Amino acid sequence: MPADHRSIGWPAGWISPIVVVDGHIAGTWEIVDSDLMITMFDGVAPPKQRLATAADHLAAARGQDLASVRVE
């Protein structure tokens, strides 16, 4: 398993939400306050338009607008 992928599993069985690009795990995400924070794994370019669309879907599912989408 690539080292980056090890960051998705945590003690007590918690699994971080993941970003999937073209069928591969490409990063993780979390919501901090009302900001969507996306951390892409090394060497993976964020697909900005697809992330924006996914962020809109996430906001609709949560029933809460996102203040911003930040890619780290």
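Values in this text are rule-based calculations from the coordinates and carry no lab data. Worth saying up front: this structure is predicted, and the values here are computed from it rather than measured. Note: ideal-geometry Cβ built from the backbone for every residue, glycine included; neighbour counts use all protein chains shown.
Simple spin-label estimate for THR53 and ALA12 gives 3.6 nm between the two label positions (7 Å along the Cα-to-Cβ direction from each Cα).
Report Rg(Cα)/(2.2 N^0.38 Å) for the chain, keeping two decimals.
On the way: Rg = 12.5 Å, N = 72, 2.2 N^0.38 = 11.2 Å.
Cα Rg divided by the expected 2.2 N^0.38 Å: 1.12.
How high is the relative contact order of the chain? Use alpha-carbon pairs under 8 Å, at least six apart in sequence, and give a whole percent. Write out the running numbers ahead of the final one.
On the way: 84 pairs, mean separation 18.3, N = 72.
Computed over the chain, the figure is 25 percent.
Here the simple spin-label model places points 7 Å from the Cα toward Cβ, and for HIS24 and GLN64 these points are separated by 3.3 nm.
Here the simple spin-label model places points 7 Å from the Cα toward Cβ, and for ILE31 and ALA45 these points are separated by 3.0 nm.
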